[in-house]
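Novice: Let me begin by handing over the structure; questions about it come next.
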Amino acid sequence: MKRIQYGNWIPGAVVRVYSKRRAVWHFGIAGSLSVAGPMVMHASKDRGQFAVTTNDEFSKGQPIQYTWVPANLEQQQIVLNRAESQIGKPYRLLDMDCEDYVNWIVTGVARSPQREQFVAAAFLLAVVCVGVAAISA
C-alpha cells in the first residue's frame with residue numbers, strides 16, 4: 001500500500017536541517033500535520049529530550065532536506081510508531097543525540113556518524129599535537 005503524503009510533506013521521512021549556530025546537521029522525523037503546520041519529532045537540545053515541535057521550531061528558518069523516505073505505508077507506520085515511542089526520552093550528546101535517535105528509529109541501530117567523525121578528528125589532532133610536542137622536546 002502506498003504511503004500517506006500531504007503535498008510534499010511525508011510523515012515518517014527523515015528530515016535534516018543545517019544548524020549554522022552549531023555547524024552540524026540536525027535530524028528529525030517528519031510527523032503529522034497539525035493546526036500549527038507540519039510537526040517534527042527530534043532530539044531537542046533546547047528541551048533536553050526527544051520532543052515534537054513545529055517544523056518552524058525544528059528548522060529555525062533553514063531549508064529542510066529529506067534524507068530518507070518510507071517506501072510504503074507499512075514502513076511509514078513502523079517509523080512513526082518508533083518515533084512516537086521515544087517522545088520524552090533524554091537528549092545526551094555523547095550517546096543519544098538527534099542522529100542516534102533517527103538512525104535507531106529507521107534501522108534499529110543508534111549511531112551518529114557526525115559524532116564519530118568528530119571523535120576521529122579530535123583523536124587525530126591529539127596524536128599530531130603529541131607528535132609535535134615530542135619533536136620539539
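The values are calculated or read from the model by the stated rules, or taken from the named source; none is laboratory data. This one's a predicted model, so the numbers in the text were calculated from it and none came from an experiment. Note that each Cβ is placed from the backbone with ideal geometry, even for glycine, and that neighbours are counted across all protein chains shown. Accessible surface areas use protein heavy atoms only, side chains included; no ligands, DNA or RNA. Shrake-Rupley method; radii C 1.70, N 1.55, O 1.52, S 1.80 Å.
Novice: Kindly state, to the nearest 0.05, the FRET efficiency for LEU93 paired with LEU73, given R0 = 35 Å and r defined as their beta-carbon distance.
Specialist: Working: r = 34 Å, r/R0 = 0.98.
Efficiency for this residue pair is about 0.55.
Novice: Related question: Determine the alpha carbon to alpha carbon distance for each of LYS2/LYS89; LYS2/LYS60; LYS20/LYS45 and list only those over 21 Å. Walk me through the intermediate numbers first.
Specialist: On the way: LYS2/LYS89 31 Å; LYS2/LYS60 31 Å; LYS20/LYS45 15 Å.
Result: LYS2/LYS89; LYS2/LYS60 exceed 21 Å.
Novice: In segment 1-47, what trypsin sites (Lys or Arg not before Pro) fall in a loop by DSSP, with at most 10 other Cβ atoms inside 10 Å?
Specialist: Details: sites: LYS2, ARG3, ARG16, LYS20, ARG21, ARG22, LYS45, ARG47; in loops: LYS2, ARG3, LYS20, ARG21, ARG22, LYS45, ARG47.
Listed in order of number, the matching sites are LYS2, LYS20, ARG21, ARG22.
Novice: Any chance you could look up the accessible area of ASP95 with a 1.4 Å probe, heavy atoms only, rounded to 10 Å²?
Specialist: 80 Å²
Novice: Rounded to the nearest 10 Å², what accessible area does VAL24 show when all protein chains are kept and the probe is 1.4 Å?
Specialist: Roughly 60 Å² of VAL24 is accessible to a 1.4 Å probe.
Novice: While we're on this one: Along the Cα→Cβ direction, 7 angstrom out, place labels at ILE4 and SER136. What is the inter-label distance in nm?
Specialist: Between ILE4 and SER136, the label points sit 6.1 nm apart.
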